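A short worksheet on the structure shown next.
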Amino acid sequence: MKSRLYSFVVAIVASACSSMPINDTVVKNEYASVSFKYANTGETTEEDNAKDSIYCLLNRIQYTCHYFTKTDKNGVIERKNEVATPEEVTDGSLFESKLYIKPGEYNICAFDKPGKGVVVDSLVNFVSGTEVSLKDLLLRVENRDMSQLEALVNDDETMSKWIDLNGAYPYIENIDAMAYDIKKNFMINSGNETTLEFTPQNITQKLVIPFQVTVEDGVTISKALMEVSGLARRRYLLNDVLVSDYEGNDTGRTIAEANLVNSEGNNLFYEVELYSLGAIPNRLDASSIGPGVAQLAIYAEASGKSKILRTTKNISPFLRAANSVVYDDVEDQYRIGNYDVRLETNFRFMITEEQVMSDTEDGVHEWDDEGNDMEGEI
């Protein structure tokens, strides 16, 4: 998954200007015009430039008004409520590529269009009325059945074998990166030309979990999958507060495929990279269930025989060391502590041909027997 960070500018264009008689009419109607510009950093993909790739929410604070529009990353506003003449301009109209709104003090939020599995709770209520404000909006990651997780789907559409060892917590979508920015208490005046410059912030947390596998000659690895639990399912749109208590309730888990990033002889170096609304540790560092737990499965082959080797380990100490989240014991809630988290696990595994060739009832070799050390050769 690619992080889609960019910088963007929202230009609030004056509705009154001596050289623009059209705006004189708009001033009399007490509207201000809003246009959008986005200064991208780096190359953008076709998906980035989709016509509705950015959502922008505008919330007038006093005498409340709400506006919602979509633009592409060139700043082109969705052609909705478009009028042909200035005399037709009404509240929320689009005229000459500008959105016309009432002047006043605003809170404004611009963010990437939510990707697969992410919804903005109460967005419909925000758009249709004024009882829900920006501060009430939540990002939510939808639950998924295990069969819907892309990491488990093979190229031939069959499903990889997986054992569910943490059933009390739902599976959620392995989401894409999202960026956003907000401006609070910003005045939009009818008579002035004002430019709002937004600096993008990560709204999703990037989590990287590295590990090393050493294989004996004759052993090959087709893939490695990791399930990670303790991923927040909800967070507020306007701040970094997660909807979860100390116990890690309202968290989920997802499965991601590990990327082979380097190899040195028989030593293979992998990284699991995923994005979430925030990774929350387990309150118990020794627990193998609940939040803050990683289940690793390595799909190995030797002499024509295939086997899944797996282990389940608590990664909570590493999440704390990386300042993944910060707990507020007064409010009993978590905040994001670090948006770019890399766990220094030093996880190392040794896979021998004998391990792959040995018979077990379900074809899965346990790495969790007493005495096994995740950091040692197994």
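Give the stretch 315-326 a look and list any residue that's surrounded by fewer than 22 Cβ atoms within 10 Å (Cβ to Cβ) and not in a helix (DSSP H, G or I), or say none. Within the stretch 315-326, 322, 323, 326 meet the criteria. Put simply, of 239, 249 the only residue that is out of contact with any strand residue (DSSP E or B) (no Cβ under 7 Å at 6 or more places or on another chain) and more than 25 Å from residue 317 (Cβ to Cβ) is 239. Selection of the stretch 319-342 for residues being within 20 Å of the chain's Cα centre (by Cα) and without any contact (Cβ under 8 Å) to a residue 24 or more places away in the chain yields 322, 323, 326, 337. Inspect the stretch 284-307 for any residue being among the β-branched types (Val, Ile, Thr) and either exposed (fewer than 15 other Cβ atoms within 10 Å of the Cβ) or over 27 Å from residue 167 (Cβ atoms) (or both) and give the result as yes or no. Within the stretch 284-307, none of the residues are among the β-branched types (Val, Ile, Thr) and either exposed (fewer than 15 other Cβ atoms within 10 Å of the Cβ) or over 27 Å from residue 167 (Cβ atoms) (or both). Checking 94, 5, 58 one by one, the residue that is at pLDDT 50 or above, surrounded by 13 or more Cβ atoms within 10 Å (Cβ to Cβ), of a type outside the set (Phe, Trp, Tyr) and in contact with a Pro (Cβ under 8 Å, 6 or more places away or on another chain) is 5 and no other. Residue 330 meets each of the listed conditions (1) part of a loop (DSSP other than H, G, I, E, B); (2) touching a strand residue (DSSP E or B) at 6+ places or on another chain (Cβ under 8 Å) apart from (2).
Restricting attention to the stretch 258-298, the residues that are assigned to a strand (DSSP E or B), over 29 Å from residue 248 (Cβ atoms) and either not polar (S, T, N, Q) or not assigned by TED's automatic domain parsing to the domain that holds residue 338 (or both) add up to 5.
The values are calculated or read from the model by the stated rules, or taken from the named source; none is laboratory data. Keep in mind the model is a prediction, meaning the values are calculated, not measured. Reconstructed Cβ throughout: ideal geometry from the backbone, glycine too, with neighbour counts over all protein chains shown.
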